[in-house]
Amino acid sequence: TINEAGQGNLDFYSATYRLFKLDSLEPHCEDYGQAVIYKGTIPLFPSGWSLDDHHYMETGKVFPVCGNTWNMLEQTRFKEHFEFIGNFDTHYGIFEGCGTSIPYQSATTGVSSKGASSGGGGGGGCC
């Protein structure tokens, strides 16, 4: 076992990736004051849609996003399913904690290395 090999402090993570080949993505989640509104038009998801474990967008509700999430939605097949608010004119800085730690939840504690508990979805404020 791992403990017998002296590696008892290892953590294991399982991840599913949604990949986007976009030249416009930045290394961190930058805040430009943007938001999106999900229209509820993706088949089988009329009340809301989840991009990942911290981007659940309820139909009709304004959801703040970083520039990367904006581009992942606006420059892909998802565009028709969203209304877009804002632009890239004003940079407000980086979303706190974005891209600076492992985003996966611990299997033992249910808490990500960012300190967020599991529970499926944030209310915006990207990453």
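When ranked by the protection proxy of mean other Cβ atoms within 10 Å per residue, highest first, what sequence do the peptides 66-72, 44-50, 26-32 form?
Sorting 66-72, 44-50, 26-32 by mean packing, highest first, produces 66-72, 26-32, 44-50.
Among 37-43, 14-20, 86-92, how do they line up from the highest to the lowest mean number of other beta-carbon atoms within 10 Å?
Details: 37-43: 15.0, 14-20: 8.1, 86-92: 10.9.
Ranking, from highest mean packing down: 37-43, 86-92, 14-20.
Would you mind telling me the share, in percent, of accessible area of the range 14-58 contributed by carbon and sulfur at probe 1.4 angstrom?
Values: 1570 of 2870 Å².
That fraction is 55 percent.
The values are calculated or read from the model by the stated rules, or taken from the named source; none is laboratory data. Here the structure is a predicted model, which means the values were calculated and not measured. So basically every Cβ, Gly included, is an ideal-geometry build from the backbone, and we count neighbours across all protein chains shown. What goes into the accessible areas is simple: the full protein's heavy atoms, side chains included, and nothing from ligands, DNA or RNA. Shrake-Rupley method; radii C 1.70, N 1.55, O 1.52, S 1.80 Å.
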